[in-house]
Each structure stands twice: as C-alpha cells, then as structure tokens.
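Working notes, beginning with the structure itself.
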Amino acid sequence: MRTGSEEDGCIDVKLEREDSQVNLRLKRAAFAAIASTSIMFSAALAGASEFINILTGGTSGVYYPLGVALSKIYGEKIEGARTQVQATKASVENLNLLQQGRGEIAFALGDSVKLAWEGNADAGFKAPLDKLRGIAAIYPNYIQIMSSKESGIKTIADFKGKSLSVGAPKSGTELNARAILAAAGMSYDDLAKTEYLPFAESVELMKNRQLDATLQSAGLGVSSFKDLATSVDVQMVAVPEEIAGKLGAPYIAATVPAGTYQGQDADVPTVAVVNFLVTHSDVSDETAYQMTKQLFENLPEMEAAHKAAAQIKLENALKGMPVPLHPGAERYYKEKGLL
C-alpha cells in the first residue's frame, strides 16, 4: 500500500517528465524556427546578389534608353534577376557609384574610365577606383557641338566671348569639353559664360535664346539634338582632325554623317571616344558572365532602343579596355574565342 507521500512523489516525477518533454518540444520548435529564419535570410541574401542596378545618364541621352533595354533583357534572360535603371549625371558619377557598390553595371566614356582607374582628382576621382572591372567596349560617343545660327559660331575659335554648355560638372561630356578646348589653345576663361547643364536643359536654353551653343558627347542621333534641330536654326560646329591628333588616345577622328540631324546637309568632322560597360569586383562571376553574354546575344533589342547600338560588335569588345576584365566577362570571351 502506497502512502500519500509516495503517491505525491510519483505525481511529482510524472509532472517533471511532462515538463521536460514540453520544454524539449519548445526547444525543438524554437530551433526549427531559427533554422527556417536562417534559410529564409540566406535565400534573401542570395536573391539580393542577383539585383542589377544599371547606371546610365540623363534621360535625353543615349545611355538611358540603352539601359532600359538592358534592364528588360537582363530581367527576362537572367534567372532570378531583379533589375533597375538609374538616371545619373553619367560617366564620372557612375564610376564613383560602382566603386561604392551602389550599382552592378554602368555606362561610361573610355577617358573617364582611364582617369578613374588612375585616380585623377581633377576629373572627379579622389583616389584610384580599384574595384572597377570591365565588361565590354560598346559604341563610340561622338563629340557633337551645335550652335544657333544667330550666334555666328561656325568654328571652335568662334566660341571666344560666347556662351557654351559643357554638360553636368565633371561628367564625361564636361571632361571632353575641357580637353577639346585645351587642344584648340582655349579654356573656359575665353567664354563669356560656361553653363554646366544636362543635355535637355541645354537645349531648352538654346530654344529660349539664352545660350549660344552646347557640346554633347553621345551616340549619333541623340534625341536632344534632334529636338533642337527641329526647333531653331542651328549649325554643327566641326572639330578638326588636327585636334584629334593633339588629343591622342582614347580620342579618335570621326565624322557626323550628313543628314544625322535636320538641316545638316554635309558631313561634319569631329572626334569620338569609345564607351564601355563597367562593373565592379564584388559582382559575382556568374552575374558578370550573364550580363556580358546577354548583351551580345540580344543586340537587336539594344538597337531597337537606339541606333547607336548598331555599332556594338563582339569583335570590338576588348579594344582599348582601360581596366582589368571581370573574371565572369573573361569566361564569356574565352568561350567565344576572343581570349
């Protein structure tokens, strides 16, 4: 016969066992929740690595519509990729953003990329941008200068005492403007006024007769110049071949063909600089590989966005690359026999 105290003891042992089992179940549930959260967090991180922010330029330039086309291509062709197009002040800003990891791929002019790699402070780079990695050389940017006919500007020498917009401060376009004026023995001090404005704003000032001329570095047929040429009487200003010779690489002599803009009846000599698509070293090899591959395997879609893309050729992809190739891009070019 059990005493009351023995029965109480058995009950206590049983309750202790039940409490232990409950605690074990709670611990297992908590562990499972933590594990599940960890898996979800890891998956989120994996997904984040496929986010592709495309750094372009002003919306009235050529970089932006090509960036929109790339965004569509990458979103459809790269599994799990989420894309975004960011309008910027173009080359210099784009390269600094890449160094900070605030974009995955960017459009930039070749001279800006070279100066960024070197860390040229005057060009807007406080230190060498050592994370930059190359994806591809794409199409050339033509340095195009348009003046109002009433300004009387026909040559670069005629800029003395006139007003000129040279693009956003320390943009690729502005670096081009400084270089060209210097090669012609001039500087901003020779101008009556220097405006540092994006393409569209420069055009609006010219339409309102508040600006004599604008220099824009872009692909042929840039929308801002098309708009300007259909709004006021304009004159394309030539950049003589001798200036191209003084500038040297990465500048080359080029021509704006007759008929590129309304009222342009003859070829106009100028200089050009090759554009590049650039990424950074923290982008995964697979993402860089896919960004390179999908660019070249979907060129018709790029050309549909802007005719400048017709000049993007696989055989020219490595010409003049100012920075080391990303290993992912290198893999693609090896597959294609370019390396």
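What the table shows:
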quantity	calculated
For the chain, with +1 on Lys and Arg beta carbons and -1 on Asp and Glu, the positive-most of SER148, GLY134, LEU205 along the dipole	SER148
In order through segment 83-96: 3J(HN,Hα) via Karplus (6.51 cos²θ - 1.76 cosθ + 1.60), integer Hz, x for Gly, Pro	10, 8, 10, 10, 6, 9, 8, 6, 2, 5, 4, 4, 5, 5
Over 30 Å between alpha carbons, listed pairs LYS114/LYS149; LYS207/LYS307; LYS193/LYS246; LYS126/LYS313; LYS89/LYS334; LYS131/LYS207	LYS114/LYS149; LYS126/LYS313; LYS89/LYS334; LYS131/LYS207
Distance histogram for segment 141-273 (every C-alpha pair counted, 5 angstrom bins, percent rounded to whole numbers)	2, 12, 23, 27, 22, 12, 2, 0
Acute angle (nearest 10 degrees) that the helix 285-296 long axis makes with the longest principal axis of the chain, alpha-carbon atoms	40
Acute angle (nearest 10 degrees) that the helix 4-48 long axis makes with the longest principal axis of the chain, alpha-carbon atoms	10
Dipole of the chain, positive end: most advanced residue of THR214, GLY185, THR287 [Cβ charges, Cα centre]	GLY185
For segment 158-221 and segment 256-276, distance of Cα centres in Å	17
Stokes-Einstein D (µm²/s) once Rh is taken as the Kirkwood radius of segment 157-198 over alpha-carbon pairs, at 25 °C in 0.890 mPa s	243
Bridge type composition, the chain - antiparallel percent by DSSP, nearest 5	70
Share, in percent, of DSSP beta bridges within segment 84-241 that are antiparallel, nearest 5	65
Choice from THR287, THR83, THR194 with maximal GNM fluctuation in the chain (Cα, 10 Å cutoff)	THR194
Net dipole in debye of segment 141-273 [+1 Lys, Arg Cβ; -1 Asp, Glu Cβ; about Cα centre; nearest 20]	160
In sequence order, calculated HN-Hα J values of segment 121-127 (Karplus, 6.51, -1.76, 1.60; Hz; x Gly/Pro)	5, 4, 8, x, 10, 5, 8
Sequence of LYS313, LYS334 once ranked by neighbouring C-beta atoms within 10 Å, starting from the fewest	LYS334, LYS313
Extension reserve of the ASP190-GLU335 stretch, reckoned as 0.36 nm per residue once the Cα distance is removed	47.0 nm
For the chain, calculated [θ]222 nm from helices alone, where every DSSP H run of n ≥ 4 adds -39500 (n - 2.57)	-13000 deg cm²/dmol
Residues with amide H under 5 Å from that of VAL234, placed H, sequence gap 5 or more	LYS149
Backbone HN-Hα couplings from phi across segment 195-203 [Karplus 6.51/-1.76/1.60, Hz, Gly and Pro as x]	9, 10, 10, x, 3, 4, 5, 4, 4
Contact order normalised by residue count of segment 116-244, Cα under 8 Å, 6+ apart, percent	34
Under-5 Å amide H pairs with LEU191, H placed in peptide plane, nonlocal only	GLY161
Cα gyration tensor, the chain - rounded (a/c under 1.5), prolate or oblate	prolate
For segment 120-187, convex hull of alpha carbons as volume per residue, Å³	121
Total charge dipole magnitude, the chain, about the Cα centre, Cβ charges on Lys, Arg, Asp, Glu only, Debye to nearest 20	360
Interchain or long-range residues, amide H under 5 Å from VAL85's placed H	ILE54
Near-label residues of segment 299-339 by backbone N, under 19 Å of a point 7 Å along Cα→Cβ of ASP285	324-339
Segment 207-333, dipole about Cα centre (Lys/Arg Cβ +1, Asp/Glu Cβ -1), debye to the nearest 20	140
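Values in this text are rule-based calculations from the coordinates and carry no lab data. Treat the numbers as computed from the prediction; the structure is a model and nothing was measured. Here Cβ is always computed from backbone atoms with ideal geometry, including for glycine, and neighbour counts include all displayed protein chains.
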